[in-house]
Amino acid sequence: MKAILWGKYKQTIRKPGAFIIITLICVVFSFLLGKSSFSKIEVPVFNEGSSSGLQSILQELNKSDSYSFKAYSLKEMKKKVEEGKSAAGLKLGEDSYTLIRVADTADVMLINRYVEKYYQNKQQKQLLLASAEKQDAEKIIDENEKKPILTISQDSVISQKKSSYNQSLQALFGFTLFFSIYTVAYTVVEILRDKQNGLWDRFILSSTSKTQLYLGHLLFSFIIGYIQMIIIFSIFNYGVGVDFNGKFYWIFILIVPYLYAIVSLAILLTGLVKTASQFNSIIPLISVSFAMLGGAYWPLEIVTSKFLLLLSKFIPITYGMDLLKTAIIQETSWSELMLPAAVLLLMGTLMLGVGIRLMEKRHV
């Protein structure tokens, strides 16, 4: 097995082009799609009421860490939206608002959710002020903000966690998990090439067992994928300054179940195809489909189709994103990460067993 690992290492050192290119593409895509969260997203606003009312509303809305609401004329606001300079614009009233957009993108939905929540809280406060003495009502509001009367159930906590969103980390996690499929798959397919070239039969005739042969190839694929992911995350942590909420080193453990599942997936695909060219043609289709359905391109929280959400339950990227987002973005413990990690390990074990069995049955 050591000889296999050493040979693969030397081969990668001699031809590192594919590894470097995939890594750079991942970094560029993650930066370009996540850069809007490095600074606040500007949302143009037009006020239908008094200027004093607008200032108080803007002051509350601008408490967001993600959005910057700025006043414009109605014409300027519509122009920014039409030209694509802003994802959405707002016409603000005292008790209601109108969202102006060109398309229902993830940013538009998140802006709408944020502003809707502000108006809901405002209406609740107004109802409370109208139903009680002003001083007593203001006192109750202050007390409720510090110590809520209603106890939040576990289901509510889970729902609140699922709605959390960080665009820079969403893009970084999504594209890293997506591109790692290519890196891992194109190293696993070397087993198929060795069989086609007759090298596999020579390996079998040597003192190296089949178990050692498979372990050597799969372990190297895992290691190369692991190194690539750590390099990408380190670039964004130390170079770009992306905030991992003080949990950067959690990633070293969190990506292990996902990579195990992806290596197993590559083995399964290798067992299903007959030639390396067939594998090369099918892997982009599989990886892009998995990224779309698994929440790598956009968060699954904005997906409303029950059928697509059902399909996402059978895709490793779904649980890889769940692991990273739950651990890094949200306040959570290791025990809460056991379910997605266990699902990935189960997926990996099943795909690995079926994949190796298919490869052993088929003579290339």
Amide proton proximity set for Phe46, modelled H, under 5 Å, gap of 5+: Tyr72, Leu90, Lys91, Leu92
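Against the empirical 2.2 N^0.38 Å scaling, what ratio does the C-alpha Rg of segment 310-352 come to?
Normalised Cα radius of gyration, segment 310-352: 1.17.
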Karplus-derived HN-Hα couplings along segment 276-290 (A = 6.51, B = -1.76, C = 1.60, θ = phi - 60°), whole Hz, x at Gly and Pro: 5, 5, 5, 4, 5, 7, 8, 5, x, 5, 5, 5, 5, 4, 5
Spin-label pair Ala71/Lys125, simplified geometry with 7 Å Cα→Cβ offset, distance in nm: 1.9
Greater than 18 Å apart at Cα, pairs in Lys91/Lys125; Lys195/Lys361; Lys274/Lys361; Lys63/Lys325: Lys91/Lys125; Lys63/Lys325
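FYI, it's all coordinate maths here, none of it is from the lab. Treat the numbers as computed from the prediction; the structure is a model and nothing was measured. Backbone-built Cβ (ideal geometry, glycine too); neighbour counts: all protein chains shown.
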